[in-house]
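Quick notes on the structure that follows.
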Amino acid sequence: MGFQILLLSLSLFLIVPRLSHSSSLHLPGWLGEKDGSVLKMKTDPRSAFDPTRVTQLSWHPRAFLYKGFLSDEECDHLIELSKGKLEKSMVADNDSGKSIMSTVRTSSGMFISKGQDETVAAIESRIAAWTFLPRENGESIQILHYEHGQKYEPHFDYFHDKSNQELGGHRIATVLMYLSNVEMGGETIFPNAETRETQVKDDTWSDCAKKGHAVKANKGDALLFFSLHPDATTDPDSLHGSCPVIEGEKWSATKWIHVRSFDDVKRRTGSGECVDEDELCSQWADAGECQKNPLYMVGSPKSPGFCRKSCKVCSS
């Protein structure tokens, strides 16, 4: 019941863009002051979130677009953090839950640690302010790179296997941030969206984008969509994919958010037990990721990494 109430609150909160600029919001934990239409959190002014930049795209699935969510500098910074650390993207096997290679997903990517630096921490706080979901429920941000012809076939972000559902529960929401412009192709598509037949498209859209409601990859914009209904059941309308890149290249950053704390998973597995939290840890370690990407692989004193066993950093 508590989770259903939270989801109902989220639905109401996301109607904020419909309010006039003169409307005032009084939310617990906020300063309550407004600079124009920008609400400010107590922690960091860079976490400010402007509801007037948010547009409702669809209610089935619930999807919203935030224009200019990231600055150009933030986009470039996230890309720079991933340079030289990208690996072939994986998918979760529906039966075992293990990460496997698949022709369904042909991009490359890597994860950056939570709060890795001040810029990353500010972005994560801004995501929490927008989604009204706790920071600790989110996974680490994944940076993705799509080159010519690369894509991600339509899929769901909620899980089909019990193994992944035990790690913080289903993914309730996804925030997809576009870090670059794409000359042609690379759109995010929702084949089952209620607006798939009514969205107007011209020749600037790819043929793939015309098969559903589509969102163009524009640098700095962010797309928020929910994979669960307000009653916590999975939403098949949230089926989505990334169209093939036709001209240029596509950089994006994904934040998956769970129904429960994802940090608790790391604390449980990282509290003295020497473990790897991904099937590919040994492969990544052999490729030198323990040295190239230590914050994610090894971790810090405050946040254990995901591959401590393969990086041989566990205390005896």
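Can you pull a Stokes-Einstein diffusion coefficient for segment 136-182 at 25 °C (0.890 mPa s), Rh from Kirkwood over Cα pairs, as a whole number of µm²/s?
Details: Rh = 13.2 Å.
Estimated via Stokes-Einstein, D reaches 186 µm²/s.
Among 163, 112, 141, which residue has its Cα furthest toward the positive end of the charge dipole of segment 112-187, with +1 on Lys/Arg Cβ and -1 on Asp/Glu Cβ?
163
Longer than 27 Å from Cα to Cα, which of 162/219; 114/201; 151/309; 219/255; 85/219 are they? Say none if no pair is. Walk me through the intermediate numbers first.
Numbers: 162/219 36 Å; 114/201 37 Å; 151/309 32 Å; 219/255 16 Å; 85/219 21 Å.
From 162/219; 114/201; 151/309; 219/255; 85/219, over 27 Å: 162/219; 114/201; 151/309.
How big is segment 108-163 on each of its three principal axes, counting only the C-alpha atoms and giving the largest first in Å?
Extents along the principal axes, in whole Å: 34, 31, 21.
Any aspartates and glutamates with Cα under 15 Å of the residue 210 Cα? List them, leaving off those in the same chain fewer than 8 positions away.
Residue 210 reaches 153, 187, 194, 197, 202.
Between residue 60 and residue 203, what is the spin-label point distance in nm, taking each point 7 Å from the Cα along the Cα→C-beta axis?
3.5
Any idea what % of Cα-Cα pairs in segment 151-291 are farther than 18 Å? Write out the running numbers ahead of the final one.
Working: 6357 of 9870 pairs.
The calculated P(r) of segment 151-291 puts 64 percent of pairs beyond 18 Å.
No value in this document is a laboratory result; all are computed from the given coordinates. Nothing here was measured: the structure is a model prediction, and the numbers come from that model. Ideal geometry is used to build each Cβ from the backbone, glycine not excepted, and the neighbour counts take in all protein chains shown.
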